[in-house]
Every structure is written in structure tokens, then in C-alpha cells.
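Worksheet: the structure to be examined is printed underneath.
The values are calculated or read from the model by the stated rules, or taken from the named source; none is laboratory data. On a predicted model such as this, the values are computed, not experimentally measured, just so you know. Cβ placement follows ideal geometry from the backbone for every residue including glycine, while neighbour counts extend to all protein chains displayed.
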Amino acid sequence: MNEIPYTVHINKTAYENITAACPCCGKESIFNRATDLGVLTPIAFRAVFCLNPSCGKPFNIKGDCVNSVSEMLIFDCDELLEQKHYRYCVLSLAQAYEVFFSLFLRVEFLYKPYAADPNENAVKLHNFNRLAKQLSKKVEKYAFPKMRKLFLWQIVSGCSPLTLADAEAAIGKLKVRKDCPNDADLESLSDKELMPILKAIRDTQIDKLRNKVVHKQAYRPTWEEVESALDECRKLLPPLTWHLGLHDDPGWYVGENLAGR
Ligand SMILES: [Zn+2]
């Protein structure tokens, strides 16, 4: 596979699939990340075989996107909208929020404390893995509304754990409050750019729309409903991911930490 002369740029990247045109037969192959490629991280460069049965020639692909999972779920909606799969679009959008809340909690309670922890690497890694399991167990049954409350209250509290020991205590005390933060709570934040975004996330109805679509009612949403939800989501999650500096890679924070010294 080292001698493959052809390298093509990936035509389309989506959360589940990568599409690339074979340089030999010209046909597009859709590679499923989990089944065909066996890797879920972005593909910088990779040898593949054309999926057209009459061709099957090897070629290299490059140029995958490196956006966060929630951003990829949002991007997928363009195609779903075009194909008029409005129900799937609603599911993707609601999931984009849930994935975002989950990433925020991992960064806050695991990645950043790991990067700043004073212990030696082997100890840190052991504690990190232990805490990752604890956090995952704690939130595994939490649906959208509870994850949203945890996210919002964690920002409002301003108490970010500094080490893995702090994080362990914080995860132990993690409790879902009855209500979301009110306007006064959000307006008290010193970061004024955050306030309108957090209010909009608090008020989004995408979870309710998703429930109507999924449950017995099997509701069929209209283009207008989905377009409006997509527009709202695009204005909230990608800017907030950037503003909060969220990366789904503990190593990224270690690098940032070292660079900051
Ligand atoms: Zn081919």
C-alpha cells in the first residue's frame, strides 16, 4: 500500500461517512468510518480500496474535516434538509447539543484538571481514567434537560476544578438542580458575550421537538421548524465551542498548558 500513486481529496465528510471519488474508475465510494475505515478520529491520510466491485483499486484519501462532533452533526443537517429528511435533522440537532454538553463536562472535570495536575504522568493517567468512569456513570442516565442544567450551572458557578483531586470532589458533588439559571443568574456572569448564547441554550425547544418526533406521536416536522432549529443551533454551538476553547482531546490541553508557561 506504500506504492499507491493516487491521492485524492475527500469530497464530502460527514459524522458517519467519508465520500471520495476513485481516481481509476471515477466512481464515488462512501466509506463508513466505523465499518469501512475502523477509525473514528479524523483521517489526515489513508490508503483505501475503491468500493466499486468492478474496480477495487487502491488509492489514498486526504483532507478530512477536524470539527468537533457537535459541529459535524450540524453539518450533516444540510444534506438531510436537502433530502427532506426533516425528522433525522431534528434528531441530529438535539444530539449535537447533548454531545456539546457532554464534551463541556469532560473538558471541565477531566481534560483541564489533567493538564494542570501536579502529579507525575502515570499517577495522573490512572486518576484520569478512574474519574472518566465516575463522570460517565454519573451522567449516563441524564437526558437533554439534565445535561443542559449541569452545563449552565457549571458555567454560572465559575468553580472549575484545578486538579484531578478537585475534580473528583466536584464530580462527587455533581447534582442536577431543579431549575435552569434565571436571567439574573446569567446576567451576573462577567463574560458578557456568553450571556445571550447561554440564554438561548436555556430556552431552546429542540429537545421537546425531538421528543415529539421520537415518541409515540412520531411527529413529522416541517421544513420551517427544522430550518429554524438548524439556524438557531448554528448560531449557538459552533461559536460557543470556540469561545470556551473546547477540544475533545486531553492532549490538546496539555500542550496549551505547557505553551502558557
Ligand atoms: Zn474505482
Among the residues of the stretch 223-240, how many are more than 15 Å from ALA94 (Cβ to Cβ) and in contact (Cβ under 8 Å) with a residue 24 or more places away in the chain?
6
Inspect all residues belonging to the stretch 222-231 and state whether any of them is over 25 Å from ALA116 (Cβ atoms), part of a loop (DSSP other than H, G, I, E, B) and at pLDDT 95 or above.
yes
Can you tell me how many residues in the stretch 31-51 are within 13 Å of the ligand (Cβ to nearest atom) and closer than 17 Å to GLU79 by Cβ?
1
Answer with yes or no whether PRO161 is in the same structural domain as LYS84 (by TED's automatic domain parsing) and part of a loop (DSSP other than H, G, I, E, B).
yes
How many residues does the stretch 59-104 contain that are among the small types (Gly, Ala, Ser) and surrounded by fewer than 21 Cβ atoms within 10 Å (Cβ to Cβ)?
3
Hey, can you tell me all the residues within the stretch 6-30 that are within 16 Å of the ligand (Cβ to nearest atom) and without any contact (Cβ under 8 Å) to a residue 24 or more places away in the chain?
ASN11, THR19, ALA21, GLY26, GLU28, SER29, ILE30
Out of curiosity, is ILE171 farther than 12 Å from PHE101 by Cα and β-branched (Val, Ile, Thr)?
yes
Tally the residues that are among the aromatic types (Phe, Trp, Tyr) and surrounded by fewer than 17 Cβ atoms within 10 Å (Cβ to Cβ), restricting the search to the stretch 238-255.
2
Going through SER102, SER54 one at a time, which residue ends up being without any contact (Cβ under 8 Å) to a residue 60 or more places away in the chain, more than 16 Å from the ligand (Cβ to nearest atom) and either outside the structural domain of ALA170 (by TED's automatic domain parsing) or within 30 Å of ASP166 (Cβ to Cβ) (or both)?
SER102
For the structure I just gave you, tell me whether SER92 is among the small types (Gly, Ala, Ser), in contact (Cβ under 8 Å) with a residue 12 or more places away in the chain and not assigned by TED's automatic domain parsing to the domain that holds ALA165.
no
